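S.K.: Okay, handing you the structure first.
Values quoted throughout were computed directly from the atomic coordinates according to the rules given, and no laboratory measurement underlies them. Nothing here was measured: the structure is a model prediction, and the numbers come from that model. Note that each Cβ is placed from the backbone with ideal geometry, even for glycine, and that neighbours are counted across all protein chains shown.
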Amino acid sequence: MNALKTLAAAAALTFAGATAANAANIVEIAAGDDRFETLVAAVTAADLAETLSGPGPFTVFAPTDDAFAALPEGTVETLVKPENKGQLTDILLYHVDDRKLASHDLPGRTIPVRPILAADKLCITKSAGGVTIGDSTDQVANVIIADIQADNGVIHVVDKVLIPGNKTCGH
């Protein structure tokens, strides 16, 4: 866990260069929020920071540190190892859509959404109770904070790490 904290600290310093004159992109917002230290460290380990700092648009379903901590012990530390970069990248990109999907854009029903560079779909459900996201392993994440605006998209904070699997939305 110490290596992960060191990686997160280095990533935060790397992205702290945004000035007040610049609008913040998705990575800069995440790096400036202590609820996303693990996510920022993972994005850095997967070499996705430059991509997610790009023009977008992107929608990022951003798991909190608590969401990562709920994974089986040792999972995060294993995923951030260089030899597991491909698997880490797949998991992280499963949380990214290449459109700007604000919560008010979602219909009041379940819709399938195909994340960027992922074969598996997410099932996004908007109801009176809020927005939930089902992954292809039948796990459901709750959107606990919606519509954090970035200059290259939007962030929705989720309470679980979404995992690609072998099921499709609605099946």
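S.K.: Between residues in the stretch 74-88 that are touching a residue at least 40 places away in the same chain (Cβ under 8 Å) and of a type in the set (Lys, Arg) and residues that are outside any helix (DSSP H, G or I) and exposed (fewer than 12 other Cβ atoms within 10 Å of the Cβ), which pairs lie under 8 Å by C-beta distance while being six or more apart or on different chains?
M.R.: 85/47
S.K.: Which pairs turn up if I take residues in the stretch 35-56 that are closer than 17 Å to residue 150 by Cα and touching a residue at least 60 places away in the same chain (Cβ under 8 Å) and look for partners that are hydroxyl-bearing (Ser, Thr, Tyr) and crowded, with 17+ Cβ neighbours inside 10 Å with beta carbon separation below 7 Å, at least 6 apart in sequence or on another chain?
M.R.: Matching pairs, first to second residue: 35/64.
S.K.: A further question on this structure: Quick one: how many residues across the stretch 127-157 are more than 16 Å from residue 58 (Cα to Cα) and either among the aliphatic types (A, V, I, L, M) or surrounded by fewer than 19 Cβ atoms within 10 Å (Cβ to Cβ) (or both)?
M.R.: 16
S.K.: Let me spell it out: the conditions are (1) touching a helix residue (DSSP H, G or I) at 6+ places or on another chain (Cβ under 9 Å); (2) more than 22 Å from residue 150 (Cβ to Cβ); (3) in contact (Cβ under 8 Å) with a residue 60 or more places away in the chain; (4) not aromatic (Phe, Trp, Tyr), and residue 67 meets all of them except one. Which number is the exception?
M.R.: (2)
S.K.: Looking only at the stretch 105-126, filter to residues that are in a loop (DSSP other than H, G, I, E, B) and touching a helix residue (DSSP H, G or I) at 6+ places or on another chain (Cβ under 9 Å); which one of those is surrounded by the fewest Cβ atoms within 10 Å (Cβ to Cβ)?
M.R.: Among those residues, the one meeting the criterion is 117.
S.K.: Taking the conditions exactly as written (of a type outside the set (Asp, Glu) and more than 16 Å from the chain's Cα centre (by Cα)), does residue 126 satisfy them or not? Steps first, please.
M.R.: Numbers: of a type outside the set (Asp, Glu): yes; more than 16 Å from the chain's Cα centre (by Cα): yes.
Judged against the criteria, residue 126 is a match.
S.K.: OK, next. Take the conditions in a helix (DSSP H, G or I), out of contact with any Leu (no Cβ under 6 Å at 6 or more places or on another chain) and among the charged types (D, E, K, R) and apply them to residue 73. Does it pass?
M.R.: No; evaluated as a whole, the condition is false for this residue.
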